[in-house]
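What follows is a short report on a single structure.
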Amino acid sequence: MRLFDSHCHLHDDEYLNDLNDVVLRAFAAGVLAEMIVGFNLKSSQGAVTLASTRDHFFAAVGVHPHDAKGCSDSVLKTLKALALDPKVHAWGEIGLDFNRMFSPRDIQEKWFLRQLEIVDEKNLPVILHERDSKGRFLEILRDTHSPDRKGVVHCFSGTTREMDQYLDLGYHIGITGIITMEARGRELKEQARRIPADRLLIETDAPYLTPVPFKNKTRRNEPAFVRSVMFKLAEVRGEDPEALSGIIWENTCRLYDVDVTELS
């Protein structure tokens, strides 16, 4: 079984002291590749630096809606230059988050739109974040839609109607450890059955969203735990985990334009 953690933050300080052990546990669990995702300039630089240390690490650069108030033309110029690095295979994570409102709504929308322009200009897959945007996120995606744009709605937690619209626009859906949780994951389990197999990705969002059964033992998530997400997803869909994991591996490599020879 080959697994690709399509979204994690291994450049987080949580892994400063034992990253090598984390990587070894991931390999032992069949996790052969990780996408390390930036959320502002500093973390994007960290993601690219870390990705350069191992063949199976890849990086995404971008400005998260929480950090939109710190974005600027200068920041985007630097990120565009950073995206020329061969280890950068995606732009993100970007989007709208009207839950905690760490950045004002108008600022979030401004830099989300600007980054979507860069995504289309550079023809990079986009990693999308949405929370409590009351339809505005989808409105922007529809208004700026390009048939050539590809990407993933990471850590999907929206309504079934929203999910169907993302699929109609051609996006993939990222499934996290939420699906392993009895109460919190109830709706996601139902939704996961509806997603076409060729649009599924799995992710940890590590160090966040530790899945069952690990969440009762450790607060910190890590790529090895994506195996738990994979098995629960297969169980929910009534599919063979080996076969489904093969499809999801291919989905992720195709979306992120990863040649398996890079994983030697």
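The values are calculated or read from the model by the stated rules, or taken from the named source; none is laboratory data. Please read all numbers here as calculations on a predicted model, not as lab measurements. Cβ: placed from backbone, ideal geometry, glycine included. Neighbour counts: every protein chain shown.
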* **Any chance Q45 is of a type in the set (S, T, N, Q), at pLDDT 95 or above and in contact with a helix residue (DSSP H, G or I) (Cβ under 6 Å, 6 or more places away or on another chain)** => no
* Structure fact -> The condition from (1) crowded, with 19+ Cβ neighbours inside 10 Å; (2) closer than 24 Å to L16 by Cα; (3) without any contact (Cβ under 8 Å) to a residue 60 or more places away in the chain that A60 misses is numbered (3)
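Considering only segment 160-207, state which residues are outside any helix (DSSP H, G or I), of a type in the set (G, A, S) and over 14 Å from the mean Cα position of the chain (by Cα). Break it down stepwise before answering.
Within segment 160-207, the subset outside any helix (DSSP H, G or I) is 169-176, 181-185, 193-196, 200-207.
Pick out the ones that are also of a type in the set (G, A, S) and you get 170, 174, 183, 185, 206.
Hits for segment 160-207 are G170, A183, G185.
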* Structure fact -> Apart from one, (1) on the phi < 0 side of the Ramachandran plot; (2) surrounded by fewer than 20 Cβ atoms within 10 Å (Cβ to Cβ) all hold for G170; the odd one out is (1)
* Identify the single condition in (1) part of a strand (DSSP E or B); (2) more than 29 Å from L3 (Cα to Cα) that A81 does not satisfy, given that it satisfies every other one. => (1)
* Structure fact -> When segment 26-53 is checked residue by residue, the ones that are over 19 Å from the mean Cα position of the chain (by Cα) and buried (at least 16 other Cβ atoms within 10 Å of the Cβ) are A29
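Quick check, is A192 farther than 18 Å from H7 by Cβ, touching a residue at least 40 places away in the same chain (Cβ under 8 Å), touching a helix residue (DSSP H, G or I) at 6+ places or on another chain (Cβ under 7 Å) and not hydroxyl-bearing (S, T, Y)?
Numbers: farther than 18 Å from H7 by Cβ: no; touching a residue at least 40 places away in the same chain (Cβ under 8 Å): yes; touching a helix residue (DSSP H, G or I) at 6+ places or on another chain (Cβ under 7 Å): yes; not hydroxyl-bearing (S, T, Y): yes.
Taking the combined requirement at face value, the residue does not satisfy it.
Looking only at segment 84-106, which residues are of a type in the set (A, V, I, L, M, F, W, C) and not in a strand (DSSP E or B)?
Restricting attention to segment 84-106, the residues satisfying the condition of being of a type in the set (A, V, I, L, M, F, W, C) are 84, 88, 90-91, 94, 96, 98, 101-102.
Those that are of a type in the set (A, V, I, L, M, F, W, C) and not in a strand (DSSP E or B): L84, F98, M101, F102.
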* Among the residues of segment 132-153, count how many are under 18 Å from I118 (Cβ atoms) and within 18 Å of the chain's Cα centre (by Cα). => 6
* part of a strand (DSSP E or B), of a type in the set (A, V, I, L, M) and at pLDDT 95 or above: does that describe A26? -> no
* Residue in segment 134-148 that is surrounded by the most Cβ atoms within 10 Å (Cβ to Cβ), counting only those that are part of a loop (DSSP other than H, G, I, E, B) and touching a helix residue (DSSP H, G or I) at 6+ places or on another chain (Cβ under 6 Å) -> T144
* Do any residues in segment 107-133 that are in a helix (DSSP H, G or I) have Cβ atoms under 6 Å from those of residues that are buried (at least 16 other Cβ atoms within 10 Å of the Cβ) and among the aromatic types (F, W, Y), where the two are at least six apart or on different chains, and which pairs are they? -> V119/W91
* Structure fact -> Conditions (1) within 16 Å of the chain's Cα centre (by Cα); (2) surrounded by fewer than 21 Cβ atoms within 10 Å (Cβ to Cβ); (3) within 30 Å of R54 (Cα to Cα) -> K215 fails only (1)
* To do: For segment 210-228, enumerate the residues that are at pLDDT below 95 and not in a loop (DSSP other than H, G, I, E, B).
  => K215, N216
* Within the group G70, G135, G95, which residue is under 22 Å from L200 (Cβ atoms) and small (G, A, S)? -> G95
